[in-house]
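What follows is a set of notes on a single structure, which appears directly below.
Just so it is clear, none of the values below were taken in a lab; they were calculated from the coordinates. Treat the numbers as computed from the prediction; the structure is a model and nothing was measured. Every residue, glycine among them, receives a Cβ derived from its backbone with ideal geometry; neighbour counts consider all protein chains shown.
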Amino acid sequence: MISVQDVSFAVDGARILNGVSVDIPNGGITALIGPNGAGKSTLLSLMSRLQKLQVGTIRVDDLEVGVCAHDVLAKRLAILGQSAEVTQRLTVRQLVTFGRYPHHRGRPTEADHAAVAEALAEFDLTTFGERMLDSLSGGQRQRALVAMIFAQDTPYMLLDEPLNNLDIAASRHLMQRLRHLADERGRTIVIVLHDINYAASYADWIIAMKEGRIVRFGAPEDVITSDTIQSVFETDADVKTVEGRRVVVV
Amino acid sequence: MPRNRLIALACLAAVCVVLYMTLAARAPWSFLLPFRGTKLLALILVATSISTATLLFQTITQNRILTPSIMGFDALYVLIFTLAVFFLGSQAVMRLPPQMVFLVTCGTLVLAALLLFGLLLRRNAKDLFQLILTGIIFGVLFRSLTSFLQRMIDPNEFATIQVASYARFNDIETDLLIIAAPITVIALVLAWRRRDALDVIALGPDLATNLGEPPLPRQWEVLILIAVLVSVSTALVGPVAFLGLLVVSVTYVLVPSPHHRHLLPAAALVSISVLVGGQTILERGLSLSTPLSVIVDVLGGAVFLFLILKGKRI
């Protein structure tokens, strides 16, 4: 369980997070939604120590973020940030092998190579293994990055808007893979999503944020309602139920 | 594949070293061996320092155009030396043992570099263009301050500084070798021990943090190593503008590997081949008609242009 307690965060005096407390349950996909500037990405980056905590505590099971040694936490929790752009010339296989670094510390063993092959297969990248990253499409590159943090083999995976700039096919493919990881491999996935319909279709839990606070937390059918959309996003979109799933009419 | 390339580069460097030692050997070996041997050792130290410093710098900034010399590291070294002469007088500086002058200048450079570039990297690490521009302006500032002080100084004292301000491969400060060699070796060993962590740092701050290598403490460590290595090469032969860029760009093309366990030795071997090979041709073939630094800069500029025009990612 990722346990966030009384976390506040400010940049140059501007409040980004205001006393956020939440327990993210183990297993399944938890989606963070909310308007731009609600503090979703900040919360995620604090959980994953990409930014330093100012006020409050965050625990990943028994490990406290900011106190726990970096290499220990790297085996517990993996993060894919929004601006994960690799400037180096790497093949897909080399990138995914870096995901095993917390385990091999620079000297990949047979077991690491096997885990890399498994990650490539899991994300349909086996045929791309020797391709250079910069020769891939945006969707394939994003898949390679997710494959890398999957290979890291951590119980928790945090993803910040991984669907950015992906078309519908690539987005659905990636979400289906994540769904599969949560269901078949018991990974706990926390994901920031902009498109509420993806959150409603694929997530088990939804955390709605507004102005640095958590305003709703629950199952999609409880959170995604016309009222919530109105109060959180301040727009009057209709919410319909299609085959048991909530769909926001845009 | 990188292994075979490394072996080929090692052979090339060895050929350059053997030619440097044996070509046109007219004096007895009892004289030649220590005479040429000392200069060879200095060239190898300088070559390895510059290539390693440049590679490390490009790794912590995730950028393949920046070099310590573009960011003004060596200009800062010359400025510190000039300040010493300006305030203490050349007589006082010359009377001190050169090893001590070197140690003090090197120590000051490490402190100044940590202060300036450490703060700069910390505040603007994400804004690359600001980083490059600030670095270039720092370089210009250090050079202008140096030439300003040099103009105010007594002409006799100016001669002392002038020697330090220009690259000189023929007149290497071999007195300093006793102290520069062990310092360089220590810095190189420390860099080598970090080789696997450096691979991860090169992926950028977010991915490095995710993989358990916090970039910030590593950046400080590496900055200290860079400052020490730049001090060594600048003290021994003066500032060399284009060598680092030339050598490291060529290395990326010759040994396309993301791993520092390949890149560090490869860059050092390319650097040794260029410096020792170039010096051999100049000393033995062209009887010292042109300074090596001019040729290195011309070659460096040409390779740089070639890389850009070919559309290679640099």
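For this structure, a couple of remarks:
- Cα-centred dipole magnitude for the protein assembly as shown, charges only on beta-carbon of K, R (+1) and D, E (-1), debye, nearest 20: 1600
- The phi torsions of the stretch A:10-22, fed into the Karplus equation with coefficients 6.51, -1.76 and 1.60 and a -60° offset, translate into couplings of 9, 10, 6, x, 8, 6, 9, 10, 10, x, 7, 10, 7 Hz, rounded to whole numbers, with Gly and Pro shown as x.
- Cα centroid of the stretch A:229-250 to Cα centroid of the stretch B:1-31, whole Å: 74
- Radius 15 Å from Cβ of A:Asp222, net charge of other residues (Lys, Arg +1; Asp, Glu -1): 0
- Inter-part distance where the stretch B:136-195 and the stretch A:81-108 are each reduced to a Cα centre, Å: 37
- Qualifying GluC sites (Glu not before Pro) in the stretch A:105-161, DSSP loop, other Cβ atoms within 10 Å at most 11: A:Glu130
- Of all DSSP beta bridges confined to the protein assembly as shown, the antiparallel ones make up roughly 55%.
- Backbone HN-Hα couplings from phi across the stretch A:233-244 [Karplus 6.51/-1.76/1.60, Hz, Gly and Pro as x]: 9, 6, 8, 9, 8, 6, 10, 10, 10, 10, 6, x
- Applying 1/(1 + (r/R0)^6) with R0 = 45 Å to the Cβ-Cβ distance of B:Ala10 and B:Arg151 gives a FRET efficiency near 0.45.
- Taking the stretch B:43-242 and dividing mean pair separation by its residue count, relative contact order in percent (alpha carbons under 8 Å, at least six apart): 43
- In a DSSP loop and with at most 11 other Cβ atoms within 10 Å, the GluC sites (Glu not before Pro) in the stretch A:201-250 are A:Glu234, A:Glu243.
- Simple label model, 7 Å out from Cα along Cβ direction - A:His180 to B:Thr290, nm: 6.0
- Across the alpha-carbon atoms of the stretch B:43-242, the computed radius of gyration and Dmax are 17.0, 57 angstrom.
- Ranked list, fewest to most other Cβ atoms within 10 Å of each Cβ, for B:Val46, A:Val67: A:Val67, B:Val46
- Averaged over A:96-107, number of beta-carbon atoms from partner chains that fall within 10 Å: 4
- B:Asp154, A:Asp112, A:Asp227 arranged by Cβ crowding within 10 Å, fewest neighbours leading: A:Asp227, B:Asp154, A:Asp112
- Each Lys and Arg Cβ is given +1 and each Asp and Glu Cβ -1; about its Cα centre, the stretch B:43-242 then shows a dipole of about 260 debye.
- Cβ-based net charge around A:Ala144, under 10 Å, with every Lys or Arg adding one and every Asp or Glu removing one: +4
- Most positive-pole-ward Cα, B:Leu246, B:Ile295, B:Ile224, against dipole of the protein assembly as shown from beta carbon charges: B:Ile295
- In chain A, the DSSP beta bridges split such that about 55 percent are antiparallel, to the nearest 5.
- Loop-located chymotrypsin sites (Phe, Trp or Tyr not before Pro) in the stretch B:173-246, at most 12 other Cβ atoms within 10 Å (DSSP): none
- Other residues with beta-carbon under 12 Å from the beta-carbon of B:Thr22 carry, at +1 per Lys or Arg and -1 per Asp or Glu, a net charge of +3.
- One Cα centroid belongs to the stretch B:54-78, the other to the stretch B:235-280; the line between them spans 14 Å.
- MRE, 222 nm, helices only [DSSP H, n ≥ 4, -39500 (n - 2.57), over chain A, to nearest 500]: -9000 deg cm²/dmol
- Helical segments meeting 27 Å axial Cα length and Kyte-Doolittle -0.5 threshold in chain B (DSSP H): B:2-22, B:29-61, B:128-152, B:215-237, B:260-280
- Close Lys pairs in chain A, defined as Cα atoms under 25 Å apart and 8 or more places apart or on different chains, number 6.
- Cα gyration tensor shape of chain A, rounded if a/c is under 1.5, else prolate or oblate by comparing a/b with b/c: oblate
- The Rg/Rh ratio for the protein assembly as shown, using Cα coordinates for both the radius of gyration and the Kirkwood hydrodynamic radius, is 1.07.
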